[in-house]
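For reference, the structure discussed in these notes is given below.
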Amino acid sequence: MSLTTDDPNVLLETAQVAAAAAGNYLRDVWQKPRHIQSKGWRDLVTDADVEAQHIITELIRGRFPHHAFLVEEDDPTLPTAGLVQWIIDPVDGTSNFSRQVPIFSVSIAAAVAGQVVAGVVYDPLRDEMFSAAANQPTTLNNQPVQVSPVSELIQVIIAFDWSRAPTDRQLTLELLTRLAHRVHTIRAVGSAALAMAWVACGRLDAYFNAMLKPWDAAAGLLLVQQSGGQLTNLDGTPWLLDSPPQPCLVSNGVIHPLMLRPENDIINHEIA
Ligand code: IPD
Ligand code: CA
Ligand code: CA
């Protein structure tokens, strides 16, 4: 194996192996007492986040010593420049994880020249590996998946998550206020990466997050794109990983215009 490869299939296989290794560890420890620290306003990290990240980065560095890393948990020992950049969230859903709520995931993406070319989101508790590589369909445990065909707001299950900043929470409340009486129902997930994977496989029709970091979204973005879905800002322009932080609306694509403009829905939604 070349130590400098940027072949998406090789990168994908490495991401899968690393996510499975970290996921096995998280599955073993998730019900045990954790050491939990605050690293900012409404922002937690546990000892298991750090250990899971270490498992992932050690495995990748063993294969590709010259690749670069962008990771959620600070690690000054990791190289930051290289042909391939690995974008890693070892536990997406730390608030859930820290309280033993069984919804969290491992997110690993590989980017070349700023474009994500391979990505996985692994749900260790359900042993579900969502994978995508450039120009290939998204898979769930090696079976191709697609976004839902839902085309009417009244059929939509939308999920969202709460950002940390008050202004982002307010934006989320405003979107939900416009949508709540028009959609089938609304869920809060607690792991942005997993919610995006669930849009990619059609379990959810849409997902909204007012503030995502690259490690939350890099793998999920490719999963959604390669399964036929769409990601935009609230003005309808494409949501890009490297643009300044923007609210991110994810959907199956078909429903996207109505999600952006729910007022245009022609169905009369009477409030009982
Ligand atoms: C968080 C989760 C959550 C989202 C937050 C993220 P973390 O990531 O993805 O769903 O709403 O914005 O920061 O901290 O659990 O890795
Ligand atoms: Ca995250
Ligand atoms: Ca995290």
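Scan the range 213-229 for residues that are within 9 Å of the chain's Cα centre (by Cα) and either part of a strand (DSSP E or B) or within 10 Å of ligand 1 (Cβ to nearest atom) (or both) and jot them down.
Selection gives W215, D216, A217, G220.
From the list R187, R169, which residue is among the basic types (K, R), over 23 Å from Q100 (Cα atoms), free of Cβ contacts under 8 Å to residues at least 60 places away in the same chain and away from ligand 3 (no atom under 16 Å from the Cβ)?
R169
Give me the residue from the range 154-166 that is touching a residue at least 40 places away in the same chain (Cβ under 8 Å), under 19 Å from A188 (Cβ atoms) and more than 16 Å from ligand 3 (Cβ to nearest atom) and, out of that set, surrounded by the fewest Cβ atoms within 10 Å (Cβ to Cβ).
Only one residue fits best here, namely A165.
Say whether the condition of being among the β-branched types (V, I, T) and farther than 19 Å from A192 by Cβ is met by at least one residue in the range 90-102.
no
Scan the range 42-55 and tell me whether some residue there is over 19 Å from W162 (Cα atoms), within 10 Å of ligand 3 (Cβ to nearest atom), not polar (S, T, N, Q) and not in a strand (DSSP E or B).
There is at least one residue in the range 42-55 that is over 19 Å from W162 (Cα atoms), within 10 Å of ligand 3 (Cβ to nearest atom), not polar (S, T, N, Q) and not in a strand (DSSP E or B).
Can you name the residue in the range 103-130 that is away from ligand 3 (no atom under 16 Å from the Cβ) and of a type outside the set (A, V, I, L, M, F, W, C) and is also surrounded by the most Cβ atoms within 10 Å (Cβ to Cβ) among such residues?
Step by step, filter the range 103-130, then rank; the result is E128.
For the range 65-178, list the strands (runs of 3 or more DSSP E) that sit wholly inside it and hold at least 2 residues that are within 21 Å of M211 (Cα to Cα) and within 16 Å of ligand 1 (Cβ to nearest atom); which are they?
Once the strands (runs of 3 or more DSSP E) in the range 65-178 are filtered for at least 2 residues that are within 21 Å of M211 (Cα to Cα) and within 16 Å of ligand 1 (Cβ to nearest atom), what remains is 68-71, 84-92, 105-112, 115-123, 157-160.
Values quoted throughout were computed directly from the atomic coordinates according to the rules given, and no laboratory measurement underlies them. Everything numeric in this text was worked out from a predicted model, so none of it was measured. Because the Cβ atoms are built from the backbone with ideal geometry, glycine has one as well, and the counts that use them run over all protein chains shown.
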